[in-house]
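What follows is a single structure, written as structure tokens, with notes after it.
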Amino acid sequence: GSQHRLWPEIEKTVKQQVEMAKLGVGECGTGWQLFAEDGEMRMYRREEEVDGMVVDPLKAVHVVKGITGHEVCHYFFNPQYRYDWETTLEQMTVLETISEDSLLFLQTHKRIWPASQRDVVFWSHMRKLPDDQDQDGPDIWTVVNNSTEDSEHPANAGKCVRIYLTVCLMCQTRVDPPKDGAPISRDNVSCKITYCSVVNPGGWAPASVLRAVYKREYPKFLKRFTAYVKNQTKNKPLMF
Ligand SMILES: CCCCCc1ccc(-c2ccc(S(=O)(=O)CCO)cc2)cc1[C@H]1C[C@H]1c1ccccn1
């Protein structure tokens with residue numbers, strides 16, 4: 001059918017973000033500093049400022065047993081689950097269904113003292129991709145969220161400061177089949193999750209406040225979200 005106005009940007013951004021997510025943090029001189037660790041979860045950030053505002057890129061890598069990449073992306077992408085795991089969310093609206101795997105969201109997040117309340121408009125796209133590093137392994141599943149304009153909801157028109165973000169959740173499923181040829185169960189799967197995000201806080205907020213917020217909120221978010229997916233899927237058939 002006819003292309004949606006956002007489709008070219010979605011295509012380009014998804015490819016770009018997945019390639020960036022695949023880059024390790026170990027590459028020397030890439031400036032990633034480890035700032036949080038919890039079990040298998042490692043969180044890194046780079047200290048960056050744009051116009052005096054903290055926009056520290058974040059990259060988290062986590063390995064979770066018993067869930068697949070499709071399941072992780074399913075619960076991250078679909079709006080009906082978001083209030084269950086996104087604790088900083090105050091209001092979420094689906095402004096447009098671009099396609100069955102692409103949605104346009106407006107979200108307002110709870111105010112974080114002393115900064116003013118924030119909102120964000122972003123498109124969200126879920127995609128399965130072949131894993132070129134493991135041809136005969138399971139596909140990669142990804143969700144990319146990227147800020148965009150919406151004429152019905154201009155930035156900074158109301159009480160909220162508009163933020164700008166690019167987020168990539170990339171999931172690589174690993175299957176270790178049981179020796180005895182039994183069917184694959186949740187005990188035989190794990191998911192390597194790479195979560196990358198760059199959030200521009202929009203209006204000014206003190207660097208110390210922002211860095212403290214990120215340090216607190218990101219580890220909490222990834223731990224809570226992955227625990228949610230494990231709990232939601234534990235008695236359901238595997239989704240590959
Ligand atoms: C003064 C604070 C300014 C920034 C506040 C703010 C707003 C949105 C967001 C955010 C918006 C979307 C996403 S997502 O990954 O696309 C999922 C869908 O909700 C993720 C994070 C983050 C933060 C920063 C709190 C920080 C924070 C970090 C992880 C979780 C919640 N809050």
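The values are calculated or read from the model by the stated rules, or taken from the named source; none is laboratory data. Note that the structure is a prediction, hence the values are computed from the model and not measured. Counting neighbours? That spans all protein chains shown, and the Cβs are built from the backbone with ideal geometry, glycine included. Accessible surface is based on the protein model in full, side chains and every heavy atom, while ligands, DNA and RNA are left aside. Shrake-Rupley method; radii C 1.70, N 1.55, O 1.52, S 1.80 Å.
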Scan (1) at pLDDT 95 or above; (2) more than 11 Å from the ligand (Cβ to nearest atom); (3) part of a helix (DSSP H, G or I) for the single condition F221 breaks and write down its number. (2)
State which residue is nearest to V121 (Cα to Cα) when the search covers only the range 134-187 and only residues that are crowded, with 17+ Cβ neighbours inside 10 Å and of a type in the set (D, E, K, R). R162
Which of the residues spanning the range 204-216 are within 9 Å of the ligand (Cβ to nearest atom) and surrounded by 15 or more Cβ atoms within 10 Å (Cβ to Cβ)? A205, V209, L210, V213, Y214
So which of S190, S197 is of a type outside the set (D, E), assigned to a strand (DSSP E or B), farther than 30 Å from V55 by Cα and open to solvent by less than 70 Å² (accessible area, probe 1.4 Å)? S190
Is it the case that some residue within the range 117-132 is open to solvent by 50 Å² or more (accessible area, probe 1.4 Å), free of Cβ contacts under 8 Å to residues at least 24 places away in the same chain and either within 15 Å of the ligand (Cβ to nearest atom) or polar (S, T, N, Q) (or both)? no
Taking A182 as the residue in question, decide whether it is free of Cβ contacts under 8 Å to residues at least 24 places away in the same chain and outside any helix (DSSP H, G or I). yes
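Table: residues versus (1) open to solvent by less than 60 Å² (accessible area, probe 1.4 Å); (2) at pLDDT 95 or above; (3) out of contact with any Phe, Trp or Tyr (no Cβ under 6 Å at 6 or more places or on another chain); (4) within 16 Å of the ligand (Cβ to nearest atom).
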| position | (1), (2), (3), (4) |
| --- | --- |
| G26 | no, no, yes, no |
| E37 | no, yes, yes, no |
| V50 | no, no, yes, yes |
| H62 | yes, yes, yes, yes |
| P79 | yes, yes, yes, yes |
| Y83 | no, yes, yes, yes |
| Q91 | no, yes, yes, yes |
| K110 | no, yes, yes, yes |
Please identify the pairs in which a residue from the range 164-177 that is without any contact (Cβ under 8 Å) to a residue 12 or more places away in the chain and over 30 Å from A205 (Cα atoms) has its Cβ atom under 7 Å from the Cβ atom of a residue that is open to solvent by 50 Å² or more (accessible area, probe 1.4 Å) and not in a strand (DSSP E or B), counting only partners at least 6 apart or on another chain. P177/I184
What about T233, is it of a type in the set (S, T, N, Q), under 17 Å from Y81 (Cα atoms), touching a His at 6+ places or on another chain (Cβ under 7 Å) and surrounded by 16 or more Cβ atoms within 10 Å (Cβ to Cβ)? no
Count, please, the residues in the range 224-238 that happen to be without any contact (Cβ under 8 Å) to a residue 24 or more places away in the chain and over 13 Å from V63 (Cα atoms). 4
Restricting the search to the range 1-37, which residues are in a loop (DSSP other than H, G, I, E, B) and either in contact with a strand residue (DSSP E or B) (Cβ under 7 Å, 6 or more places away or on another chain) or among the basic types (K, R) (or both)? H4, R5, L6, V25, W32
